[in-house]
Every structure is written in structure tokens, then in C-alpha cells.
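Novice: Below you will find the structure I want to go over with you.
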Amino acid sequence: MPDSHLNSPEVAIIGGGPAGLMAAQVLVRGGVSVRVYDAMPSVGRKFLLAGRGGLNLTHSEPAERFLTRYGDAQAQVAGWLAAFGSREVCQWAQALGSETFVGSSGRVFPKDMKAAPLLRAWLHELRLAGVRFSMRHRWTGWSDAGELRFDTPTGERRVSAAVVLLALGGGSWARLGSDGAWVPWLAERGVAVSPLRPSNGGFEVAGANGTGWSDFFRSRFAGQPFKSVALCFSDTRGRRFKRKGEFVATDTGVEGSLIYAASALLRDEIEASGHATFELDLLPDRSAEEVLAEVRRPRGSRSLSSHLKSRLRLEGIKSALLHELLEPASRQDPLRLAQAIKGLPVVLKAARPLDEAISSAGGVGWASLDDALRLRAGPPAHQGVFCAGEMLDWEAPTGGYLLTACLASGVRAGEGALQHWRALQPASSEA
């Protein structure tokens with residue numbers, strides 16, 4: 001049944017992740033009655049899980065380079081970051097009692113490296129300011145009368161609100177609340193929604209024979225890292241990626257920071273061509289000439305593995321990958337072996353499922369939104385609907401870029417919702 005007038009918020013925010021909470025902060029400071037609805041028992045679950053290994057808040061690199069991390073959505077994200085970028089993220093965290101520091105990679109973390117204290121302080125501040133929370137409220141769309149519909153432990157609940165702000169997340173990590181169930185409810189109202197796709201996720205390898213890793217490689221090396229390697233990839237659109245880092249072998253393929261950084265290009269190439277091939281430099285700190293000279297040295301009675309270990313310190317999973325992907329004739333040819341060490345082709349045949357990815361690409365299209373992130377489409381009852389966060393059609397690599405843009409979009413949508421709410425208020429009359 002619908003909420004009573006006294007219990008109905010002026011602005012209903014659906015989704016208690018960083019974008020929704022930031023929008024709530026903007027709105028409540030503007031004097032608006034705000035209630036946050038979330039399907040889970042508590043808010044910020046993905047935020048907490050992302051911070052288990054150290055909460056990466058943002059990145060310290062220059063703004064111009066920072067913006068390039070958003071690919072095709074740079075033009076849209078630029079305005080958000082101009083108002084709330086990495087500096088503002090640090091100031092926000094510090095205002096909540098979390099001092100920050102810049103790591104050796106340029107990433108910015110709270111000094112205690114934890115997400116929970118920051119989230120607790122944030123929620124305490126929001127509650128003191130008047131934000132109310134309704135948990136275990138799973139949004140199921142709108143009623144014919146334009147009310148918000150929720151499944152709750154006590155049955156269906158309907159809510160009327162002057163303004164609605166959706167911060168429902170994408171489609172990754174559904175167990176934490178972001179399951180993409182909202183897509184058809186917006187699409188049927190004329191909102192353009194690009195399909196949700198995995199971003200910052202792993203990939204399945206074709207292997208030597210197209211069926212993935214061999215049983216030997218999988219059993220011995222799944223879970224082990226490739227450290228100090230460089231990945232080089234060029235796609236059919238002319239985009240190029242080259243970076244040094246590390247990643248991990250999995251049962252089905254590869255994942256990890258270096259793979260995530262290239263994941264958008266790799267995924268798009270697989271969708272366009274059916275596969276993607278990157279070159280892996282196993283010894284990026286050694287020149288091609290040096291590698292060839294060492295490979296050509298006589299090895300006597302030593303095995304090839306022993307020779308590579310002795311001359312180049314190439315061993316373990318790196319040596320095993322050469323045996324896995326390079327045919328025997330090439331391993332015995334010094335020139336081809338040296339070329340493979342400096343640029344071993346690794347063929348990927350598929351991205352891992354969306355629910356395994358750290359984040360998702362796709363979502364509400366820019367043509368369906370105005371600059372304030374308000375939906376253009378929908379019947380009149382739904383014209384006061386704003387969107388924020390990962391449910392919008394953008395993506396970014398890990399490294400603080402995801403969280404920064406989610407927070408920044410919450411600020412932009414919150415400001416838009418606040419202005420829309422103020423425009424709905426009757427003009428005050430002079431006595």
C-alpha cells in the first residue's frame with residue numbers, strides 16, 4: 001500500500017551505493033526530505049567488498065590524463081570531474097575523518113586502508129542530517145499511478161515522491177545488489193539502455209588448441225601471478241594499449257590488474273572479431289637483442305628450461321607459458337624463441353560472465369539524459385527521475401577511477417534533483 005503523506009519523502013533515492021549516498025548528501029544539505037531505499041540489509045556492500053584489499057579512493061595523476069581513463073564517455077564525465085574530481089574526493093574523505101595518502105602507483109588510499117570506518121562515518125553524518133533509510137526494499141518499477149513499487153519482507157509497498165533518483169548500479173556482483181533488473185523497466189518507458197557488459201573482468205584463453213589451458217598448466221599454475229610483464233594490444237579500431245604490470249592465471253584464462261586495464265579493448269575486440277590476441281613481453285626489462293644473445297648461447301646438455309633460467313632468470317609460470325603456447329619447433333629456434341619471450345601471442349576467446357566482473361559497461365544512454373542526469377523519456381509522472389553511478393553508460397579501469405566517477409555523478413544528479421525539487425515548490429507570497 002502507498003506510504004502516508006507524512007512518511008513519503010520529497011526525494012526518493014533508490015540504491016545505497018556511493019552514487020546514491022553522495023546524492024543524498026547533496027539533497028539533504030539543500031533542505032530536502034530524503035529517503036534511501038535499498039534491496040540489501042545494509043548499504044554500501046560493494047563499496048565494503050572493494051575495500052577489503054585496501055580502499056582505492058581515487059588517483060593522483062593530472063586531471064587531463066585522469067579524464068582519458070573514461071574512453072568514449074570522456075565528454076560526459078568531464079563535467080562531473082570538473083566539479084568533483086580527485087581533490088574533492090580526498091577532501092570529502094578527510095572531512096569524515098579519513099586522512100589519505102598517495103601510494104607508489106599514484107593511487108590514493110585512506111591511511112588505515114579500510115572502507116568500513118569511512119562508510120560508518122558517512123552514514124552517521126547522513127543520519128544526523130536527516131536522511132532516512134529503508135532496507136530490504138527491492139524496487140520493482142512503477143505502478144500505473146506512477147508510484148514506486150517495492151518488494152519488502154512484509155509485502156509490497158508503494159511510495160509517492162516528488163522526485164526520484166535512481167542509483168541502481170550495473171550488473172556485476174549481483175549478490176551485493178547490482179543485478180541489472182532495472183533495465184527492462186526503463187526500456188519499456190522509452191529510455192535507451194545499452195546492454196550491460198563485463199568490465200574489469202577476466203577472460204578465457206583459447207590455448208594451444210582452442211580449448212583453453214592444458215590440464216598440466218591448469219593444475220600447476222592456476223592462481224599464480226605473472227609478475228613484471230608487459231602487455232601490448234592493438235585492436236581493429238586502431239586503439240593501442242601497452243603497459244607493464246602483473247596479472248594472474250586462472251582455471252579458464254587470465255585476470256588481474258594488467259588485464260583489467262586493457263579489458264574494455266579486449267572485450268570490444270572479441271565482440272567484433274570473435275577473439276582478441278595480445279602480445280606478452282615476459283622480460284620487459286631486457287632488450288630484444290640481449291634476450292636473443294642469451295638464447296643463442298650454447299646450452300650443452302642442459303634442458304631448455306634450465307638454460308632460460310640460468311641465462312635469463314626465466315622460470316616458473318613464465319617458462320611454463322612458453323611451453324604451453326609455443327610449438328616445439330619454435331622453442332628450438334633461437335630467433336623465434338627470443339621473439340616469443342619478448343612478444344608471446346596470447347589468444348582470448350571470451351570474456352568471463354558479467355556477474356564475475358568488478359564493474360559493468362553499458363547502461364542508460366546519454367541521449368536519454370540531460371546535463372543534470374535527468375531522464376528525458378517517460379510519461380509526465382516520471383519526468384522528475386534522475387540517474388547516477390554505474391547504471392549510466394560509462395566505464396573505467398580500476399585504480400580509483402570507478403569510485404571517483406560514481407561519487408561525482410552522485411553530486412551532479414543530486415544537484416540536478418535539488419534544482420528540480422525547488423522548481424516544483426510554490427512561489428512564496430509576500431504578506
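The values are calculated or read from the model by the stated rules, or taken from the named source; none is laboratory data. Every value quoted in this text rests on a predicted model; they were computed, and no experiment measured them. Neighbour counts are summed over all protein chains in view; Cβ atoms, including those assigned to glycine, are modelled from backbone coordinates with ideal geometry.
Novice: Any chance you could count how many residues in the stretch 22-45 are under 16 Å from ALA116 (Cα atoms) and surrounded by fewer than 22 Cβ atoms within 10 Å (Cβ to Cβ)?
Specialist: 3
Novice: Looking at the stretch 179-200, which of the residues that are in contact with a Pro (Cβ under 8 Å, 6 or more places away or on another chain) and part of a loop (DSSP other than H, G, I, E, B) is surrounded by the fewest Cβ atoms within 10 Å (Cβ to Cβ)?
Specialist: The qualifying residue surrounded by the fewest Cβ atoms within 10 Å (Cβ to Cβ) is ARG189.
Novice: For the stretch 233-250, which positions are surrounded by fewer than 16 Cβ atoms within 10 Å (Cβ to Cβ), within 18 Å of ARG267 (Cβ to Cβ) and touching a Lys or Arg at 6+ places or on another chain (Cβ under 8 Å)?
Specialist: SER234, the sole residue that qualifies.
Novice: Scan the stretch 127-156 for residues that are under 9 Å from TYR37 (Cβ atoms) and either among the β-branched types (Val, Ile, Thr) or touching a Lys or Arg at 6+ places or on another chain (Cβ under 9 Å) (or both) and jot them down.
Specialist: PHE133, SER134, HIS137, TRP139, LEU148, PHE150
Novice: Something else now. Checking the condition surrounded by fewer than 17 Cβ atoms within 10 Å (Cβ to Cβ), in contact with a helix residue (DSSP H, G or I) (Cβ under 6 Å, 6 or more places away or on another chain) and more than 16 Å from MET22 (Cα to Cα), which residue from GLY53, GLY97, GLY79 passes?
Specialist: One residue alone meets the criteria, GLY97.
Novice: Let me ask you something else. What tally of residues in the stretch 210-225 results from selecting those that are within 21 Å of GLU269 (Cβ to Cβ) and of a type outside the set (Phe, Trp, Tyr)? Spell out the reasoning first.
Specialist: Initially, the stretch 210-225 is screened for residues within 21 Å of GLU269 (Cβ to Cβ), giving 210-213.
Those still in the list that are of a type outside the set (Phe, Trp, Tyr) too: 210-212.
Selection size over the stretch 210-225: 3.
Novice: Residue under question is ALA50, and the condition is that it be of a type in the set (A, V, I, L, M, F, W, C), within 26 Å of ALA262 (Cβ to Cβ) and touching a residue at least 60 places away in the same chain (Cβ under 8 Å); does it hold?
Specialist: Yes; evaluated as a whole, the condition is true for this residue.
Novice: Going through LEU292, LEU283, LEU265, LEU258 one at a time, which residue ends up being over 26 Å from ALA338 (Cα atoms), touching a residue at least 12 places away in the same chain (Cβ under 8 Å) and crowded, with 16+ Cβ neighbours inside 10 Å?
Specialist: LEU265
Novice: Still on this structure, I have one more. Given the condition at pLDDT 95 or above and more than 19 Å from the chain's Cα centre (by Cα), answer yes or no: does some residue in the stretch 254-268 qualify?
Specialist: No; the residues of the stretch 254-268 include none that is at pLDDT 95 or above and more than 19 Å from the chain's Cα centre (by Cα).
Novice: Residues being among the acidic types (Asp, Glu) and either under 20 Å from ASP393 (Cβ atoms) or in a helix (DSSP H, G or I) (or both): count how many of those fall in the stretch 330-347.
Specialist: 0
Novice: Can you tell which of SER143, SER160, SER134 is closer than 28 Å to ALA174 by Cβ, touching a residue at least 24 places away in the same chain (Cβ under 8 Å), among the hydroxyl-bearing types (Ser, Thr, Tyr) and in the same structural domain as PHE386 (by TED's automatic domain parsing)?
Specialist: From the options SER143, SER160, SER134, the qualifying one is SER134.
Conditions tested, residue by residue: (1) in a strand (DSSP E or B); (2) in contact with a strand residue (DSSP E or B) (Cβ under 9 Å, 6 or more places away or on another chain); (3) under 27 Å from GLY399 (Cα atoms).
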site: SER305; (1), (2), (3): no, no, no
site: ARG311; (1), (2), (3): no, no, no
site: HIS323; (1), (2), (3): no, no, no
site: LYS349; (1), (2), (3): yes, yes, yes
site: ASP355; (1), (2), (3): no, yes, yes
site: SER360; (1), (2), (3): yes, yes, yes
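Novice: Can you tell which of ALA372, ALA417, ALA357, ALA396 is more than 11 Å from the chain's Cα centre (by Cα), of a type in the set (Gly, Ala, Ser) and within 26 Å of ALA50 (Cβ to Cβ)?
Specialist: ALA417
Novice: OK, next. Quick one: which helices (runs of 4 or more DSSP H) lie wholly within the stretch 1-93 and hold at least 3 residues that are over 17 Å from the mean Cα position of the chain (by Cα) and either assigned by TED's automatic domain parsing to the domain that holds GLY155 or among the β-branched types (Val, Ile, Thr) (or both)?
Specialist: 18-29, 63-68, 74-83
Novice: If you check ALA145 against the conditions, is it in a loop (DSSP other than H, G, I, E, B), over 27 Å from the mean Cα position of the chain (by Cα) and surrounded by fewer than 24 Cβ atoms within 10 Å (Cβ to Cβ)?
Specialist: On the way: in a loop (DSSP other than H, G, I, E, B): yes; over 27 Å from the mean Cα position of the chain (by Cα): yes; surrounded by fewer than 24 Cβ atoms within 10 Å (Cβ to Cβ): yes.
So ALA145 passes the test.
Novice: Additional query: Count, please, the residues in the stretch 148-167 that happen to be assigned to a loop (DSSP other than H, G, I, E, B) and more than 19 Å from VAL43 (Cα to Cα).
Specialist: Quick first cut of the stretch 148-167, residues assigned to a loop (DSSP other than H, G, I, E, B) only: 153-154, 160-162, 167.
Filter once more, keeping what is more than 19 Å from VAL43 (Cα to Cα): 154, 160-162.
Final tally of qualifying residues: 4.
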